[in-house]
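In what follows, a single structure is set out as structure tokens and then discussed.
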Amino acid sequence: YTILSKAHSDRNVYPSAGVLFVHVLEREYFKGEFPPYPKPGEISNDPITFNTNLMGYPDRPGWLRYIQRTPYSDGVLYGSPTVENVGKPTIIEITAYNRRTFETARHNLIINIMSAEDFPLPYQAEFFVRNMNVEEMLASEVLGDFLGAVKNVWQPERLNAINITSALDRGGRVPLPINDMKEGVYVMVGADVPFSSCLREVENPQNQLRCSQEMEPVITCDKKFRTQFHIDWCKISLVDNTKQVSTFQEVIRGEGILPDGGEYKPPSDTLKSRDYYSDFLITLAVPSAIALVLFLILAYIMCCRREGVEKRNMQTPDIQLVHHSAIQKSTKELRDMSKNREIAWPLSTLPVFHPVTGEIVPPLHTDSYDNTSMPLMQTQQ
């Protein structure tokens with residue numbers, strides 16, 4: 001672990017290849033680079049964010065990651081250096097932004113990757129910790145407790161943290177902001193002795209069946225982690241580099257590089273011209289001709305073969321025409337009689353008193369009107 005010192009100069013660090021590298025960017029150090037608040041004695045708590053990139057490039061090296069959860073927390077650079085970068089100084093430009101005054105401060109971090117004596121460790125195990133975020137696991141005391149728990153169940157002579165990866169970088173989903181849910185962390189450790197019987201319990205057929213049914217496997221050493229770390233034993237990966245065979249390993253995605261297909265051969269410039277006249281006739285002329293023939297047939301049927309009313313009457317028997325005419329005449333006569341009929345409203349539906357003055361309302365019909373045709377109620381006079 002390296003923490004940025006108070007000295008105003010470039011910082012040199014010497015991590016080992018294949019071993020977890022953590023570098024903390026402390027806000028307290030960069031506060032001295034920015035002017036304080038106007039009022040004397042007032043505590044400065046400016047929001048500060050960091051930008052890190054490889055010198056001369058817009059981003060960091062592929063093995064180096066950076067995280068800062070909020071502008072009021074420290075930034076962390078972490079990753080596992082590779083053997084290919086051994087002996088090559090890596091200069092990281094660190095730019096701090098004061099979000100209150102919009103001022104910046106820049107420092108350089110020189111990473112000198114050293115080769116490990118017995119790298120890589122032959123036996124590697126990757127654990128998935130559910131109840132941790134990556135910045136929480138990167139804390140020295142938390143990672144030390146985790147390595148201590150692994151050492152108790154593994155009993156190796158040498159044990160190193162190789163890499164730490166957030167579950168979000170492995171395709172995990174962002175957790176809901178309820179019940180203080182965590183995103184989860186993958187922690188890879190390496191040792192120099194074979195895996196213990198406790199770690200291999202996950203390979204039992206009973207535990208494999210429970211994992212396939214999304215149930216917790218029965219692991220005897222889980223209680224040594226449970227007090228602080230919630231391990232998902234179904235996602236543990238055990239790699240024995242001495243045999244070059246993964247005993248229980250998830251599918252590793254490829255690098256996304258297509259295989260070499262040979263030299264590209266562009267098409268020749270001397271291409272022969274092609275006549276599209278026949279294609280035009282097949283595509284447009286033939287369907288248009290068929291549509292025109294169908295239109296002419298339909299027009300002949302609709303316009304030239306109409307029978308009309310006279311032809312219909314000539315083909316209808318006379319007795320049927322007489323019956324039809326009699327029915328139409330009777331229907332018209334009944335409709336005319338119904339129009340001339342006058343029907344008075346029943347007295348039971350007429351108001352007895354005026355709704356405003358309360359006076360008795362005179363009858364709507366004269367005394368000479370024949371009331372015998374109206375359906376009077378027996379109680380009315």
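The values are calculated or read from the model by the stated rules, or taken from the named source; none is laboratory data. Note that the structure is a prediction, hence the values are computed from the model and not measured. For neighbour counting, all protein chains shown are included, and Cβ atoms are generated from backbone atoms with ideal geometry for every residue, glycine included. Surface accessibility is based on the protein's heavy atoms, side chains included, excluding ligands, DNA and RNA. Shrake-Rupley method; radii C 1.70, N 1.55, O 1.52, S 1.80 Å.
Dimensions of the stretch 188-241 from C-alpha coordinates, computed as largest minus smallest value along each principal axis and given longest first, are 33, 26, 17 Å.
Given in Å, the Rg to one decimal and the Dmax to the nearest whole number for the Cα atoms of the stretch 11-113 are 15.2, 52. Accessible surface calculations at 1.4 Å, restricted to protein heavy atoms, place the stretch 123-240 at 48 Å² per residue. Rolling a 1.4 Å probe over the protein chains gives Cys303 an accessible area of about 100 Å².
Whenever you get a sec, compute what percent of the accessible area on the stretch 11-113 sits on carbon and sulfur atoms (1.4 Å probe). Could you put the intermediate results ahead of the total?
Values: 2730 of 5210 Å².
Accessible surface attributable to carbon and sulfur in the stretch 11-113 totals 52 percent.
What percent of all Cα-Cα pairs in the stretch 123-240 falls in each 10 Å bin, counting up from 0? Spelled out bin by bin, the stretch 123-240 gives 13, 46, 35, 6, 0 percent. Within the stretch 164-245, the trypsin sites (Lys or Arg not before Pro) that combine a DSSP coil assignment with at most 12 other C-beta atoms in a 10 angstrom radius are Arg173, Lys243.
If I compute solvent accessible area with a 1.4 Å probe over the protein chains, what percent of it on the stretch 123-240 is carbon and sulfur? Result for the stretch 123-240: 50 percent of the exposed heavy-atom area is carbon or sulfur.
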